[in-house]
Amino acid sequence: MVVSAVQNTAASQSQASQASSKAMVDYDTFLTLLVAQMKNQDPTEPMDSTEQIAQLATFSQVEQTIQTNKNLEMLIQSTTLSQAGSMIGRTLESADGTQSGIVQEVQVYSDGLLATLDNGMQVVIGAGITIR
């Protein structure tokens, strides 16, 4: 179960990295296309100012969305680290009751937390676990 969680974590990190890269490529592509369109427009029939304002507004929305996503990712990371720190030294029992012990270490992954207990066992922190 632990190996599976670690493999899932590695896959999730890879997917998040690819999604972030794709968003940046899309953003850069949008900016490049907008500049190229403005440079190559017909001077006898320039772009309608309404269209230009709409495209600039779209550009602004894309930029704001990327910044919002970055801020949300940082907030989630901060919350996860805080949760991990609060579990150290507490007694943890797995959902099925087969694993329990005092949490010595918590590893943070993009898809969750993995606790190492004082008896050496590792437990994925998820639904159904009990922490005292």
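Just so it is clear, none of the values below were taken in a lab; they were calculated from the coordinates. Keep in mind the model is a prediction, meaning the values are calculated, not measured. Note that we place each Cβ from the backbone using ideal geometry, even for glycine, and neighbour counts take in every protein chain shown.
Of note:
- Once the C-beta distance of Thr98 and Gln77 is scaled by a Förster radius of 41 Å, the resulting FRET efficiency is 0.85 to the nearest 0.05.
- Gain in span if fully extended, Asp118 to Arg132, counting 0.36 nm per residue against the direct Cα distance: 3.6 nm
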